[in-house]
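Contents: one structure, followed by commentary.
Each value in this text was obtained by applying a stated rule to the coordinates, not by laboratory testing. It should be emphasised that the depicted structure is a prediction, and the values quoted were computed from it without experimental measurement. Every residue, glycine as well, gets a Cβ built from its backbone with ideal geometry; the counts of neighbours run over all protein chains shown.
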Protein chains: 2
Amino acid sequence: MHCLNVELGERSYPIIIGSQLLGDAQHLLPYIRGKQVCVVTNETVAPLYLSRVLEALSEFDKVDTIELPDGEAFKTLDTVNRIFDLLLERRHNRSTTLIALGGGVVGDMTGFAAACYQRGVDFVQIPTTLLAQVDSSVGGKTGVNHPLGKNMIGAFYQPRVVIADMDTLATLPEREFSAGIAEVIKYGLICDEPFFCWLEDNISRLMARDPQALAYAVDRSCRDKAAVVAEDERESGRRAILNFGHTFGHAIEAVQGYGNWLHGEAVAAGMVMAAELSHLRGSIEAGLVERVRALLEAARLPTAAPQGMTTEAFLDAMAVDKKVMDGRLRLVLLRALGDAQIIDDTPRELIEQALQTCGAT
Amino acid sequence: MHCLNVELGERSYPIIIGSQLLGDAQHLLPYIRGKQVCVVTNETVAPLYLSRVLEALSEFDKVDTIELPDGEAFKTLDTVNRIFDLLLERRHNRSTTLIALGGGVVGDMTGFAAACYQRGVDFVQIPTTLLAQVDSSVGGKTGVNHPLGKNMIGAFYQPRVVIADMDTLATLPEREFSAGIAEVIKYGLICDEPFFCWLEDNISRLMARDPQALAYAVDRSCRDKAAVVAEDERESGRRAILNFGHTFGHAIEAVQGYGNWLHGEAVAAGMVMAAELSHLRGSIEAGLVERVRALLEAARLPTAAPQGMTTEAFLDAMAVDKKVMDGRLRLVLLRALGDAQIIDDTPRELIEQALQTCGAT
């Protein structure tokens with residue numbers, strides 16, 4: 001079992017990584033302060049893991065469960081409102097704890113509900129997808145989508161503990177697994193060159209879901225992300241490097257409609273675009289772009305724009321992205337392998353050229 | 001012009017109190033960081049004061065305005081979502097500033113929208129009612145109602161500056177003015193005996209809306225509240241004394257339906273109930289309860305339960321109140337004039353007796 005601490009002053013919390021953690025009360029109970037809990041999960045995850053989590057909660061006075069519909073399309077204010085309805089109908093008070101059991105969508109909505117319910121109650125994350133384990137576990141970003149933009153409504157809100165059980169990855173569909181690997185690769189690219197090289201050497205073990213390799217990759221990814229977040233909790237500066245590939249990726253998701261491409265798939269293609277653009281600016285060699293593309297392909301991830309998506313569609317969607325500061329497009333690009341930086345003076349022509357090289361029409 | 005600083009570390013902000021402040025850019029501009037602003041107001045306030053505020057904002061690239069329907073009934077997640085719609089349609093980015101121009105409802109919703117839009121943007125408050133000036137100006141409480149409870153969804157979120165212009169009180173309807181006085185009286189009762197005595201001596205000047213008396217009362221109320229909030233920003237302890245009269249008051253509002261009784265009216269009746277209960281517990285003399293009742297009556301405020309409201313209805317509504325901790329009802333009671341405390345062991349029978357003394361059936 002690995003345990004790492006995300007250092008955020010009084011909002012610090014541990015991430016526990018290992019196997020057979022779900023039904024084990026000892027990892028959960030020290031972090032629940034009141035006598036009421038509400039497990040928020042979805043219709044896909046509930047049949048697989050809910051009963052084990054409920055076992056660990058058997059000593060509480062009030063244990064409620066809410067099953068949300070599965071999918072990014074339901075990551076809306078309306079769905080979060082269903083959580084509020086249940087909490088109020090069942091008279092949960094300020095000392096209740098919400099437990100998110102599921103992937104990133106469940107975690108984002110549960111965290112946001114916890115941030116807003118009675119102006120803030122406790123919240124525990126049990127991420128059951130690789131993406132949620134290596135991404136949502138660290139950083140405190142919670143929220144929902146709006147028809148005009150992804151994650152446009154939300155809060156920075158930290159969990160009391162994150163429990164990442166590797167066993168839950170065994171049932172993960174192949175596309176979702178790959179989507180998680182995309183974020184893992186991202187950490188290597190932006191801030192951890194040795195990890196990127198380790199990933200190149202071990203990608204086949206990871207794709208075979210070797211538990212040892214997975215636990216190592218999750219632990220290292222969370223540490224990399226925690227180091228960046230600890231420096232900049234509210235994303236005013238350096239933390240933005242975590243958005244490497246995301247500005248392009250969000251454009252893909254927005255234009256394709258949420259749910260057609262998985263987030264990690266869109267980010268994978270977005271990372272190739274960002275790498276290509278870094279090369280066009282003269283920062284990195286063409287060979288590194290090829291290594292990025294090859295590693296993502298080995299992880300069975302897309303490395304080009306969706307068929308038929310135009311450069312115009314990209315640029316238009318990117319203009320409402322959160323990374324836009326007073327009209328200037330800020331992009332995260334590579335200065336070298338393991339070294340990302342924020343650039344806000346990229347000429348539009350260069351962006352178009354990178355998009356076209358990556359298949360935009 | 002008075003200026004006081006609410007001390008909350010890096011979230012400290014000033015409250016500027018005076019006359020002819022609305023159209024004066026110098027009080028506003030130092031607190032707006034980006035080039036975009038959005039003024040959120042309502043259909044009642046807009047015709048009175050919006051044009052003066054817009055004058056002060058003439059130098060910005062993008063100034064949008066949204067007029068919400070007026071009233072507590074519209075303090076909902078749906079209405080806040082209309083603010084998000086506008087911000088996204090008009091492409092407001094993370095460096096935008098929301099300006100709340102209106103009473104508590106506008107302030108609460110605008111603050112909550114600012115807390116959640118892109119996970120937090122800047123926010124300025126221009127409260128135009130007495131209640132908003134002495135209550136919402138300090139404390140960072142933002143949020144909306146839910147059909148099952150008042151202020152059940154929200155965030156703690158601090159403005160960059162509050163501008164309280166006494167001129168806006170001239171147009172305030174009489175009931176709303178009195179409702180604001182209820183909160184002013186509350187500060188005297190819970191933590192400021194000399195101020196309570198000053199209010200007894202000056203209540204007729206206040207009711208005649210003497211500008212000098214008003215500015216003194218607003219300044220003193222904000223200082224009293226700021227002192228309590230500075231000790232306990234997130235309401236884990238002592239801050240709860242600010243809820244004096246509110247547990248009973250919220251029950252009145254919930255049962256009557258929001259909007260029939262004004263918040264301050266419900267709090268006024270609630271304060272008499274809390275004072276009565278303090279007396280029944282033996283903490284204060286009957287004479288003090290009478291002084292409270294007399295001062296509230298001089299301010300033309302209700303001092304008894306709504307006609308026909310039962311003790312059962314009170315107790316039922318109070319059980320979902322935020323002040324309930326693990327099933328025990330926590331109430332704010334008086335130990336003496338100017339000295340409130342939190343009590344969680346009041347017998348149900350005593351509460352019923354206090355309610356009946358105050359007209360509950």
Open item on the list: If you restrict to DSSP beta bridges whose two residues both lie in the stretch B:101-186, what percentage is antiparallel, to the nearest 5?
Closed with: 55 percent
- [ ] Would you please give the residues with an amide H less than 5 Å from that of A:G102, counting only those at least 5 places away or on a separate chain, with H modeled from the backbone geometry?
- [x] A:I126, A:T128
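Sort A:S19, A:S95, B:S58 so the one with the fewest other Cβ atoms within 10 Å of its own Cβ comes first.
Working: A:S19 13, A:S95 16, B:S58 8.
Result, fewest neighbours first: B:S58, A:S19, A:S95.
What share of the DSSP beta bridges in the stretch B:2-171 is antiparallel, in percent to the nearest 5?
On the way: 10 of 34 bridges.
Antiparallel: roughly 30 percent of the beta bridges in the stretch B:2-171.
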Task: B:E10, B:E193, A:E265 arranged by Cβ crowding within 10 Å, fewest neighbours leading - done: B:E10, B:E193, A:E265
- [ ] Largest first and to the nearest Å, give the Cα extent of the stretch B:2-171 along each principal axis.
- [x] 40, 37, 32
TODO: Please list the non-local residues whose amide H lies under 5 Å from the amide H of B:M309, H modeled 1.01 Å from N, same-chain partners needing a gap of 5 or more.
DONE: B:T361
- [ ] Using Cα pairs closer than 8 Å and at least 6 residues apart in sequence, work out the relative contact order for chain B, in percent.
- [x] 15 percent
Open item on the list: Can you compute 3J(HN,Hα) from phi for each residue in the stretch B:117-133, using the Karplus curve 6.51 cos²θ - 1.76 cosθ + 1.60 with θ = phi - 60°, rounded to whole Hz and x for Gly and Pro?
Closed with: 5, 6, 6, x, 10, 5, 8, 10, 10, 10, x, 10, 10, 4, 4, 5, 5
Open item on the list: Could you identify which residue out of B:Q118, B:Q133, B:Q307 has the top mean-square fluctuation in a GNM of chain B using Cα springs shorter than 10 Å?
Closed with: B:Q307
Task: Zero-based 10 Å bins, Cα pair distances in the protein assembly as shown, whole percents - done: 3, 15, 23, 23, 18, 11, 6, 2, 0
Task: Tilt relative to chain B, helix B:263-280 - C-alpha long axis, 0 to 90 degrees, to 10 - done: 30 degrees
Open item on the list: Give me a comma-separated list of calculated 3J(HN,Hα) values for the stretch A:9-20, in order, Karplus coefficients 6.51, -1.76, 1.60 applied at θ = phi - 60°, integers in Hz, x for any Gly or Pro.
Closed with: x, 6, 9, 4, 7, x, 10, 9, 10, x, 10, 6
Open item on the list: Just to be sure I understand the model, the point goes 7 Å from the Cα along the line to the Cβ. What's the resulting A:D201 to A:E352 distance in nm?
Closed with: 4.5 nm
- [ ] Any chance you could list P(r) for the stretch B:155-240, counting all Cα-Cα pairs in 10 angstrom bins from zero, rounded to whole %?
- [x] 15, 46, 31, 8
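Evaluate E = 1/(1 + (r/R0)^6) for B:D24 and B:K62, where r is the Cβ-Cβ distance and R0 equals 22 Å; express this FRET efficiency to the nearest 0.05. The partial results should precede the final answer.
Details: r = 21 Å, r/R0 = 0.97.
Result of the calculation: an efficiency of 0.55.
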Open item on the list: For q values of 0.09, 0.13, 0.15 Å⁻¹, compute log₁₀ I(q)/I(0) with the Debye formula on a Cα-only model of chain A, without solvent.
Closed with: -0.47, -0.98, -1.29
Task: Rounded tilt (10° steps) of A:174-191 against the dominant C-alpha axis of chain A - done: 70 degrees
Open item on the list: What is the angle, in °, between the Cα long axis of helix A:77-89 and the longest principal axis of the Cα atoms in chain A? Nearest 10 is fine, range 0 to 90.
Closed with: 10 degrees
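Which of B:T96, B:T76 has the fewest other C-beta atoms within 10 Å, and how do the rest follow up to the most?
On the way: B:T96 25, B:T76 18.
Lowest to highest Cβ neighbour count: B:T76, B:T96.
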TODO: For the stretch B:97-105, take each phi angle, set θ = phi - 60°, evaluate the Karplus expression 6.51 cos²θ - 1.76 cosθ + 1.60, and give the result in whole Hz per residue in order, putting x for glycine and proline.
DONE: 10, 9, 10, 8, 10, x, x, x, 5
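Provide a whole-number value for the mean count of partner chain Cβ atoms within 10 Å of the Cβ atoms in peptide A:137-150. Working shown, then result.
Working: counts 0, 0, 0, 1, 1, 2, 3, 1, 0, 6, 3, 6, 5, 0.
Mean partner shielding for this stretch: 2.
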TODO: At q = 0.27 Å⁻¹, what is the base-10 log of I(q)/I(0) for the stretch B:114-158 according to the Debye formula with one equal point scatterer per Cα and no solvent? Please give it to two decimals.
DONE: -1.06
TODO: Compute log10 of I(q)/I(0) for the stretch B:174-357 with the Debye formula, placing one identical point scatterer on every Cα and leaving out solvent, at q = 0.12 Å⁻¹, to two decimals.
DONE: -0.52
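Over the protein assembly as shown, what is the percentage of antiparallel beta bridges among all DSSP beta bridges, to the nearest 5?
Values: 36 of 85 bridges.
Restricted to the protein assembly as shown, the bridges split so that about 40 percent are antiparallel.
Tell me the mean residue ellipticity at 222 nm calculated for chain B from its helices only (DSSP H runs of n ≥ 4, each -39500 (n - 2.57), averaged over every residue, nearest 500).
For chain B, the value works out to -13000 deg cm²/dmol.
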